[in-house]
Amino acid sequence: MIPPGETIGILGGGQLGRMIALAAANLGYRCHVYAPEADSIAADVCAGFTQGDYDDEAKLAEFAQGCAVVTYEFENVAAAPLAAVAAHAPLHPPARALEAAQDRVAEKVFVEALGGRPAPWAAVDSAQDLADAAHRIGTPGVLKTRRDGYDGKGQWRIMSPADVDAVALPGKPLVYEGFVTFGAEFSVILVRGADGDVRFWDSAENVHKNGILDRSTVPACNLIAGQVDEARALAKKVAEALDYVGVLTLEFFATADGPVFNEMAPRVHNSGHWTIEGALTSQFENHVRAICGLPLGSTALAAKGVVMDNLIGDDAHDWPKILSDPANHLHLYGKAAVRPGRKMGHVTRLVL
Ligand code: AMP
């Protein structure tokens, strides 16, 4: 067990790290952020900050030496250099969770082996591969970069065979997925403790706009409610297969034929931000409890329902209006520059 007062290392300097650090501070821990950018909004609320590249093994080792445990808030960290971290401090979740989640093909192969069902897919490395994939799987479909994509970045909709010839391939490994006709989208967020204790938060119904999460609502619609058990069973298998410690997220499409696996994130997740006010223990606090070997807190709902809206780009300018309603819980991430499509904050409302 890592007792309060110790230092938790966080790889990644964004809003997820910031919210992990705030939860850790409530439990009496200090946090130290490691990130490549000079101005980290996570480091703004932490005791320590190391600016370094994710492949700088010497710097990673030095950082880890000052930490009792290290976690990450960003899954596009290369897994190999993390051996330099793991040599000096426990790394939770394990590096192999990163490996499984950061390559869309590895992720699908891994989840399929555990009985999960993604959309039909094919790896694409050339224009010919794409033509073959679109022919076999059909259009419409979505072409995605295997690595480094997030919030709809690195994705191209292929609506018809004509788009197959028109798309300019980015020269990176890709994957083509058949377009899923879904009734709704949802996520399963669980926490697994060092002792194997697994708890789930209620599944939120997630609505995306332009590939970016816009709103998470709990409770979810009936279509989702009927598919949560199957989705949870898969998420639990994933966590156990990886000997996972911490918060893990799986995203699903709820279809007429049951849950279709979309992707997983080995970390706290935007669709779980509602848990800060809406659950007895937030995803951030339980992540800290898990990686420090503390008993997990209850994931039960703290209200009849919860709605979380992301503040994207210019939405952040609406903060005076949001605060004029005393029932709103406003979270701003402290990002200096407002950019279109950038997650600037979120606002949560409880249904009491
Ligand atoms: P992703 O980054 O892969 O989660 O994609 C972002 C969003 O794009 C998803 O939450 C869906 O709304 C949409 N999307 C991605 N892949 C597909 C697909 N194969 N079929 C239908 N919609 C998709």
Fully extended, how many nm does the chain gain between GLU277 and CYS221 (0.36 nm per residue separation, minus their Cα-Cα distance)?
18.1 nm
Tell me the relative contact order for the chain as a rounded percent, counting alpha carbon contacts under 8 Å between residues six or more apart.
14 percent
Over the stretch 184-351, relative contact order from alpha-carbon pairs under 8 Å, at least 6 apart, %:
22 percent
If you find the alpha carbon centre of the stretch 252-272 and of the stretch 288-343, how far apart are they in angstrom?
20 Å
Tell me the mean residue ellipticity at 222 nm calculated for the chain from its helices only (DSSP H runs of n ≥ 4, each -39500 (n - 2.57), averaged over every residue, nearest 500).
-7000 deg cm²/dmol
Compactness of the stretch 173-239, expressed as Rg and Dmax over alpha-carbon positions, Å
14.0, 40
Distribution of pairwise C-alpha distances over the stretch 254-352, 10 Å bins, in %:
14, 35, 36, 16, 1
What FRET efficiency, computed as 1/(1 + (r/R0)^6) with R0 = 41 Å and r the Cβ-Cβ distance, is obtained for ALA168 and GLU112, rounded to the nearest 0.05?
0.85
Averaged over every viewing direction, what's the projected area of the C-alpha convex hull for the stretch 120-178? Give it in nm², one decimal, please.
3.4 nm²
Once phi is turned into θ = phi - 60°, what whole-Hz ³J(HN,Hα) does the Karplus curve with 6.51, -1.76 and 1.60 give for every residue of the stretch 220-230, x standing for Gly and Pro?
7, 5, 4, 4, 5, 3, x, 10, 5, 4, 5
Electrostatic dipole magnitude of the chain [Cβ: Lys, Arg +1; Asp, Glu -1; Cα centre; debye, to 20]
440 debye
Nearest 10 degrees, 0 to 90: what angle lies between the long axis of helix 15-26 and the longest principal axis of the chain (Cα atoms)?
30 degrees
For the chain, what is the Kirkwood estimate of the hydrodynamic radius, computed as the reciprocal of the mean inverse distance between distinct Cα atoms, to one decimal in Å?
20.8 Å
Taking the Cα centre of the stretch 64-121 as origin, sum charge times position over the Cβ atoms of Lys and Arg (+1) and Asp and Glu (-1), and report the length of that vector in debye to the nearest 20.
100 debye
Amide H neighbours of TYR72 under 5 Å, counting only residues 5+ apart in sequence or on other chains, H built in-plane at 1.01 Å?
LEU11
Amide H partners (placed H, <5 Å) of MET344, local residues excluded:
LEU311, ILE312, GLY313
Please work out the Cα convex hull volume for the stretch 7-91 and give it in Å³ per residue.
71 Å³
Likely footprinting exposure, HIS287, HIS346, fewest C-beta neighbours within 10 Å first:
HIS346, HIS287
Could you please tell me the mean projected area of the C-alpha convex hull for the stretch 184-292, averaged over all directions and given in square nanometres to one decimal?
6.4 nm²
Taking C-beta distances below 4.7 angstrom as the pairing criterion, name the unpartnered cysteines of the chain, in sequence order.
CYS67, CYS221, CYS292
With Cα atoms, 0 to 90° folded angle of helix 127-137 axis to the chain main axis
80 degrees
Note, ³J(HN,Hα) from phi for the stretch 211-219, Karplus 6.51, -1.76, 1.60, rounded to Hz, x at Gly and Pro:
x, 10, 4, 10, 9, 10, 10, 10, x
Once phi for every residue in the stretch 182-198 is put through the Karplus expression 6.51 cos²θ - 1.76 cosθ + 1.60 (θ = phi - 60°), the whole-Hz ³J(HN,Hα) values, with Gly and Pro written as x, are 10, x, 6, 10, 8, 10, 10, 10, 10, 10, 10, x, 4, 8, x, 5, 10
Out of residues 5 or more away from ALA194 or on other chains, whose amide H comes under 5 Å of its own, with H placed 1.01 Å from N in the peptide plane?
GLY293
Between LEU323, LEU234, LEU91, where does the largest GNM mean-square fluctuation fall for the chain, given springs only between Cα atoms within less than 10 Å?
LEU323
Students often get this wrong: which residues of the stretch 130-162 have the backbone nitrogen under 19 Å from the point 7 angstrom along Cα-to-C-beta of VAL207?
152
Keeping to pairs on different chains or 8 or more places apart, tell me how many lysine pairs in the stretch 130-286 have Cα atoms under 20 Å apart.
5
At 1.567 mPa s and 4 °C, Stokes diffusion of the stretch 67-154 via Kirkwood alpha-carbon radius, µm² per second
86 µm²/s
Please work out the ratio of the alpha-carbon Rg of the stretch 46-197 to 2.2 N^0.38 Å and round it to two decimals.
1.27
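Any read-out appearing in this document is the output of simple, stated calculations on the displayed coordinates, not a laboratory observation. Bear in mind that the values here come from a model prediction, so they are computed numbers and not experimental data. Counting neighbours? That spans all protein chains shown, and the Cβs are built from the backbone with ideal geometry, glycine included.
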